[in-house]
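Below: the structure, in structure tokens.
The values are calculated or read from the model by the stated rules, or taken from the named source; none is laboratory data. Keep in mind the model is a prediction, meaning the values are calculated, not measured. Note that each Cβ is placed from the backbone with ideal geometry, even for glycine, and that neighbours are counted across all protein chains shown. To get the accessible areas, we keep the full protein, side chains included, count just its heavy atoms, and leave off ligands, DNA and RNA. Shrake-Rupley method; radii C 1.70, N 1.55, O 1.52, S 1.80 Å.
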Amino acid sequence: MMRRARSSSIAEAVRSGGWLVIAPHPDDETLGAGGLIAALAAAGGEVTVAFLTDGSGSHVGAPGWSARRVAGVRAREAGAALRALRLKTTPVALGWRDAAPPPAGSTAFETTVRRLVALCRARRIHNIVASWDADPHCDHEAAAALAREVGRRTGIAPRFYGVWAWTLPDLTTRLRAMRAVALPVALWRGHQRRALACHRTQLGGRIAGAADRFVLPRSMRRLVDATHILLLEPRDAP
């Protein structure tokens, strides 16, 4: 995909206006778009990160860890990660329930769309990126759907970053329907690694005893070592 991607620069990305990064859970901002966030922030770009959920659905049943406590820890981890990425803007919490996204057209979905449309207008956001709906998780798919609807109402064509999609066996086939812009982020790999280290709950630390204990695979941790971020959009997009 890198060979077919159109190259762009961070300077060009900053000149294009403000950016909204929609992350399904705390840690997706780092895994999927950490290099982009760090590069834009360092170059003086305006970046807003919005978390779709609080990630409280992870580590269910861990002794002493209510969903509220898990959410609080993950919010603090996300804040530390964004600071490691040099972002000073406070993230936006959209408040969706982890792994239970409201369907498009529902009251909750519509409320979130209106909120993000207003945010885009108030902060002069001209770029929207969200998780790719090829990622095999309902919240990642929902983030993509949300980005499309906000983009439709603001006239902004959203682009998408992959997280879990890079592990799919049919990735090559899926990518044929997409075109990509490649932005260089190699200078910010150290920042991305430090940001990922902030997400201790996802790396096997801090929370113990959960019935379904999640630990981010090493293959996924290597996403923060990428030299470029690929921002994808459908080939039939205008």
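Using the Karplus relation 6.51 cos²θ - 1.76 cosθ + 1.60 with θ = phi - 60°, the per-residue 3J(HN,Hα) values for the stretch 207-217 come to 10, 10, x, 6, 5, 10, 7, 9, 9, 4, x Hz, with x marking Gly and Pro. Among 163-171, 99-107, the peptide with the highest mean count of other Cβ atoms within 10 Å heads the list, and the full ranking is 163-171, 99-107.
The alpha carbons of the stretch 1-120 occupy a box of 47, 34, 30 Å along the principal axes, longest dimension given first. Scattering from the stretch 78-175 was approximated by placing one identical point on each alpha carbon and applying the Debye formula without solvent; log10 I(q)/I(0) at 0.25 1/Å stands at -1.37. Distance between the pseudo-spin-label points of L168 and R206 (7 Å out from Cα toward the beta carbon): 2.9 nm. A simple count of charges around L82, restricted to other residues whose Cβ falls under 13 Å of its Cβ and scoring Lys, Arg +1 and Asp, Glu -1, yields +2.
Taking the helices alone, the chain has a mean residue ellipticity at 222 nm of -11500 deg cm²/dmol, built from -39,500 (n - 2.57) per DSSP H run of at least 4 residues and averaged over all its residues.
Kindly rank 133-141, 108-116, 33-41 from highest to lowest mean number of other beta carbons found within 10 Å of each residue. Can you show the working numbers first?
Values: 133-141: 19.4, 108-116: 17.0, 33-41: 27.4.
Output ranking for 133-141, 108-116, 33-41: 33-41, 133-141, 108-116.
Surface composition of the chain: carbon plus sulfur atoms contribute 52% of the solvent-accessible area (1.4 Å probe, protein chains only, all chains present).
The slack between S7 and A226, meaning 0.36 nm per residue of separation minus the straight C-alpha distance, is 77.3 nm.
Would you mind putting 143-149, 180-186, 125-131 in packing order, based on average other-beta-carbon counts within 10 Å, highest first? Please list the in-between numbers first.
On the way: 143-149: 22.9, 180-186: 17.6, 125-131: 24.4.
Top of the packing list down: 125-131, 143-149, 180-186.
Output the Kirkwood hydrodynamic radius of the chain, Cα pairs only, in Å rounded to one decimal. Can you show the working numbers first?
Numbers: mean 1/r = 0.0561 Å⁻¹.
Evaluated on the chain, it is 17.8 Å.
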